[in-house]
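Working notes for the structure below.
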Amino acid sequence: MTKLNLEIIESYNLPAHNYRPDYDDAGYIFTLPSGIELSGLHMCNGRSIIMNMLEGLDGYIIIETEEELKELISLSYEQTLQKIKSEFEDFKIEDYI
């Protein structure tokens, strides 16, 4: 498994934009072909950090490897929801449709 980093994420040419969840944190939001947005921080508490994960859908998606990212990129929105539902019994698909 290849651990995720910003260089790997950027190699997939996903649409991205900056965001600031608060005054001393900064990150990127990447949009997958399915329309799902994944976020990751590159600055935390005013200090630069290595972006080594992405998360989305209220924390139900956590991506830590390139292989996980590649799989998620290949899935449709509906397939992604079904995958999450199979992994988390408290996940309510109807909240995301």
(request) Check whether at least one residue in the stretch 59-70 is exposed (fewer than 12 other Cβ atoms within 10 Å of the Cβ) and of a type in the set (Asp, Glu), and report yes or no. (result) no
(request) Mind listing just one residue for me: the one in the stretch 53-82 that is among the hydrophobic types (A, V, I, L, M, F, W, C) and in a strand (DSSP E or B) and, of those, farthest from residue 1 (Cα to Cα)? (result) 61
(request) Identify all residues within the stretch 35-50 that are surrounded by fewer than 16 Cβ atoms within 10 Å (Cβ to Cβ) and either of a type in the set (Val, Ile, Thr) or in contact with a helix residue (DSSP H, G or I) (Cβ under 7 Å, 6 or more places away or on another chain) (or both); write none if there are none. (result) 35, 42, 49, 50
(message) Take residue 7 and tell me if it is more than 13 Å from the chain's Cα centre (by Cα) and assigned to a loop (DSSP other than H, G, I, E, B).
(response) no
(request) Just one of (1) over 24 Å from residue 1 (Cβ atoms); (2) of a type in the set (A, V, I, L, M); (3) in contact (Cβ under 8 Å) with a residue 24 or more places away in the chain trips up residue 36, so point out which. (result) (1)
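Every read-out reported here was derived from the displayed coordinates using simple, explicitly stated rules and does not represent laboratory data. Here the structure is a predicted model, which is why all the values come from computation and not from measurement. No Cβ is skipped: glycine too gets one built from the backbone with ideal geometry, and neighbour counts run over all protein chains shown.
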